Amino acid sequence: MTGRRVARATKVAESDVPEAQKLLSQPSEDVEGGATAETSDEPESSPSDGEASGCDAVARRAMRAAIIGLFTFPVVLHLYSLVQLVSLISKRGMLTQSGRRNVWMAVIVNLLVFGTLLALVVSHG
């Protein structure tokens, strides 16, 4: 992915002009999203924020797959949800409160579905 520069006018106090020019003349490093650190409108985020959002996305996919699996492709989507949940174990990122809620919802729905399938298999066996 190529970097993208965003021009932005910034007012600087007269006494800070030399320092500002020095900072602006330094090469910038690309950050996630294609913008540069100096030109990004986003507040700076720590690495743990990126890890949390990545883990939260996995938790959200697991929860959505578990719920949608109740209506379409039950076994397939619940297995996918289970794989997503297991992949969270190997990730070192932290989950936000909504991420933890999504994990618990996916776990509960998956347990209900797999428990029901197990009960059906045992009762007909």
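Points worth noting:
- Residue selected from the stretch 72-90 under the condition touching a Gly at 6+ places or on another chain (Cβ under 7 Å) and touching a residue at least 24 places away in the same chain (Cβ under 8 Å), by the criterion nearest to R60 (Cα to Cα): S81
- Within the stretch 37-47, at least one residue is surrounded by fewer than 17 Cβ atoms within 10 Å (Cβ to Cβ), β-branched (V, I, T) and at pLDDT below 85.
- Test: residue in the stretch 94-104 that is touching a Ser or Thr at 6+ places or on another chain (Cβ under 7 Å) and either of a type in the set (G, A, S) or modelled with pLDDT of 95 or more (or both): no
The values are calculated or read from the model by the stated rules, or taken from the named source; none is laboratory data. Since the structure is predicted, the reported quantities are computational estimates derived from the model, not experimental observations. A quick note on method: Cβ atoms are made from the backbone with ideal geometry, for glycine too, and the neighbour counts reach across all protein chains shown.
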